[in-house]
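*Asks:* After the structure tokens below, expect a handful of questions from me.
The values are calculated or read from the model by the stated rules, or taken from the named source; none is laboratory data. Nothing here was measured: the structure is a model prediction, and the numbers come from that model. Every residue, glycine among them, receives a Cβ derived from its backbone with ideal geometry; neighbour counts consider all protein chains shown.
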Amino acid sequence: MLLFVTGGAGFIGSAVIRHLASDSSVHLVNIDKLTYAGNLESLPGLAGQPRYSFERADICDQSAMQTLFAKYQPDAIMHLAAESHVDRSIDGPAAFIETNIVGTYVLLEAARAYWHQLPAPKREAFRFHHISTDEVYGTLGAEGLFTEDTAYSPNSPYSASKASSDHLVRAWHHTYGLPIVTTNCSNNYGPYQFPEKLIPLMILNALAGKPLPVYGKGDNIRDWLYAGDHAEALWQVLKRGKVGETYNIGGNSERSNLEVVQTICSLVDELRPERGVPPTARLITYVKDRPGHDFRYAIDASKIKRDLGWVPKETFASGLRKTVLWYLEQRGAWCQRVQDGKYQQERLGLQPG
């Protein structure tokens, strides 16, 4: 299989590529624009490997996408390229509209033109796998779970842009017959995550003795999914998922933001090599909540378990321990190299305009 992975230098995209890099049946083509959060540092040892290719390209560039389809003749696409940080979408929604909506449209059209001219067996086998988020469903109260039939109700510029891309992918299947599968996942965490997101930001701030900003009272709840587990789920959906179907992927690990930060504090205190440092929890600081902050997300992942046999291998405890250990090892290397000077772990998303 020759597989396109858009956004393959990003957090989840790089997890997919690392997961598949040892599979001799797959040739991987990583298509990435290399924005601030896309870093080839997240793919150590792959440059120059015979089954891996990198193409620096923007999914919004129609000519570039057409050229890549003609050059490589892919058997499938895993579309992960996206702007993904809610706080950034509050400060600057335009980039989210451009990449997540326009970029998905451009990619769909390039894929449709390519797919249409394939011989029948290859047309039948071709897949366009669109990777999305549970945030498209909006917010939950204290009870209930998101299912594949939950109505869309996005509340942030980011989630609205992803909802739009989901609808485009669905429409290209129902109108043009493009063979698609879609997945909506809960919050990911793990090694190689850009340090603007909650878990890596809290780990690195804790190690540096900086404040640990918790929005509001810290009672907003998310379901947490280890990125390595997510990568395996995505691969199973691409290989075995039913065309036209959506699969929700969750970690069965609901935690409030405050619980997450407190657990990180305990792990940092336990695992860091420095001794005699005051308890990290003293750094927790409550700050003004994010505009439009959804209260709770929680995934019902019973469909992917029932249909494809996938369940997460990592618990939140085991996955978070692995994550903290990785950042402890990498804070002087990867973490410093991937920050380009435009982002230095400051708070984003304060401008409601």
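*Asks:* Given the criterion crowded, with 18+ Cβ neighbours inside 10 Å, at pLDDT below 95 and of a type outside the set (G, A, S), identify the matching residue among D32, D58, D87, D91. Spell out how you get there, then give the answer.
*Replies:* On the way: D32 fails: at pLDDT below 95; D58 fails: at pLDDT below 95; D91 fails: crowded, with 18+ Cβ neighbours inside 10 Å.
Just a single option satisfies the conditions, and that option is D87.
*Asks:* Another question, if that's okay. Tell me, please, whether a residue that is over 29 Å from S156 (Cβ atoms), surrounded by fewer than 21 Cβ atoms within 10 Å (Cβ to Cβ), over 22 Å from the mean Cα position of the chain (by Cα) and of a type in the set (S, T, Y) can be found in segment 258-276.
*Replies:* Yes, segment 258-276 contains a residue that is over 29 Å from S156 (Cβ atoms), surrounded by fewer than 21 Cβ atoms within 10 Å (Cβ to Cβ), over 22 Å from the mean Cα position of the chain (by Cα) and of a type in the set (S, T, Y).
*Asks:* Among the residues of segment 317-353 satisfying the criterion of being aliphatic (A, V, I, L, M), surrounded by fewer than 18 Cβ atoms within 10 Å (Cβ to Cβ) and modelled with pLDDT under 95, which is farthest from L225 (Cα to Cα)? Walk me through how you get there before you give the answer.
*Replies:* The initial filter retains those residues of segment 317-353 that are aliphatic (A, V, I, L, M), namely 317, 320, 324-325, 328, 333, 338, 348, 350.
Still in the running and surrounded by fewer than 18 Cβ atoms within 10 Å (Cβ to Cβ): 317, 325, 328, 333, 348, 350.
After this cut, where a residue has to be modelled with pLDDT under 95 as well, the list is 328, 333, 348, 350.
Values: L328: 20, A333: 25, L348: 23, L350: 27 Å.
This residue is L350.
*Asks:* Any idea which of G209, G276, G250, G218 is over 15 Å from Y189 (Cβ atoms), at pLDDT 95 or above and small (G, A, S)? Before you say what the answer is, go through the steps one by one.
*Replies:* Numbers: G209 fails: at pLDDT 95 or above; G276 fails: at pLDDT 95 or above; G250 fails: over 15 Å from Y189 (Cβ atoms).
Of G209, G276, G250, G218, the one residue that is over 15 Å from Y189 (Cβ atoms), at pLDDT 95 or above and small (G, A, S) is G218.
*Asks:* Also, I was wondering about something else. Restricting to segment 228-281, count the residues that are charged (D, E, K, R), more than 15 Å from I304 (Cβ to Cβ) and out of contact with any Pro (no Cβ under 8 Å at 6 or more places or on another chain). Spell out the reasoning first.
*Replies:* Filtering segment 228-281 for residues charged (D, E, K, R) gives 229, 232, 239-240, 242, 245, 254-255, 259, 269-270, 272, 274-275.
Pick out the ones that are also more than 15 Å from I304 (Cβ to Cβ) and you get 254-255, 259, 269-270, 272, 274-275.
With out of contact with any Pro (no Cβ under 8 Å at 6 or more places or on another chain) added as a condition, the list becomes 254-255, 259, 270, 272, 274-275.
Summing the residues that are charged (D, E, K, R), more than 15 Å from I304 (Cβ to Cβ) and out of contact with any Pro (no Cβ under 8 Å at 6 or more places or on another chain) in segment 228-281 gives 7.
Table: residues versus (1) part of a helix (DSSP H, G or I); (2) farther than 30 Å from A125 by Cβ; (3) charged (D, E, K, R).
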| position | (1), (2), (3) |
| --- | --- |
| P200 | yes, yes, no |
| V214 | no, yes, no |
| D219 | no, yes, yes |
| A233 | yes, no, no |
| L258 | yes, yes, no |
